[in-house]
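A.B. asks: Submitted below is the structure of interest, expressed as C-alpha cells.
Every number in this text was worked out from the coordinates using simple rules, so none of it is lab data. Model, not experiment: these values are computed from the prediction. Quick reminder, even Gly has a Cβ in these numbers, built from the backbone with ideal geometry, and neighbours come from all protein chains shown.
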Amino acid sequence: MWGVDADEPHRDALAPGDLILIYLGAPERVFIGRAELASAVHGWAPSEAQLCPGDSPSGVLLAQVEDWDPPVPMETVLSQIDPSENAKADFQAGVVRITAREYETALAVAAEL
C-alpha cells in the first residue's frame, strides 16, 4: 500500500499494471525498490486505512514489490541519463512521471550494485 494525496498532479493517471520506482527524497535521495500497481488510486476502506502508513486518506495497492538493498543513489542514476532529459533529484510532488529510459536506467544501476 502507498498513500497518494488528493493534490498529486499525476494521481488520476495511475493505473493497475503501471511500473513504479520507490524513491526517498532529501536528504537520502535514493531509490529503495520497485513495484507494480495493483490498483488505481482509491479512498482507503476502513480496514486499509488501519494498515496504511501515513495519514493519506487514499492511495494505491502494490504488487510484485522488490526491495533494493543496497538502495540506488539518485546521483548514480542521473550520471547515466542524458542531461537533456528532465530528470532531477528533488521533486515537488510525490507522484512523478518518468520516461521509460529513466526507469530502465534505474533498474540497470540497481542490477550493478
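A.B. asks: Based on the inverse mean of 1/r over its pairs of different Cα atoms, what is the Kirkwood hydrodynamic radius of the chain, in Å?
C.D. replies: 14.8 Å
A.B. asks: Here's something else I'd like to know. Any chance you could list the semi-axes, whole Å, largest first, of the equivalent ellipsoid that the Cα gyration tensor gives for the range 1-59, using √(5λ)?
C.D. replies: 19, 15, 12
A.B. asks: Name the residue, out of Ser47, Ser79, Ser39, whose mean-square fluctuation peaks in a Gaussian network model built on the chain with Cα pairs under 10 Å.
C.D. replies: So, out of Ser47, Ser79, Ser39, the one fluctuating most is Ser47.
A.B. asks: Tell me the Kirkwood hydrodynamic radius of the range 50-113 in angstroms, computed as one over the mean inverse distance between distinct C-alpha pairs.
C.D. replies: Kirkwood radius, the range 50-113: 14.0 Å.
A.B. asks: Using only helices, what value at 222 nm comes out for the chain when you add -39,500 (n - 2.57) per DSSP H run of length 4 or more and divide by the total residues, to the nearest 500 deg cm²/dmol?
C.D. replies: Dividing the helical sum by the residues of the chain leaves -5500 deg cm²/dmol.
A.B. asks: Turning to a different aspect of this structure: Just want the answer: with Cβ charges of +1 for Lys and Arg and -1 for Asp and Glu, which residue in Ala93, Leu113, Ala63 is farthest toward the dipole's positive end in the range 63-113?
C.D. replies: Ala93
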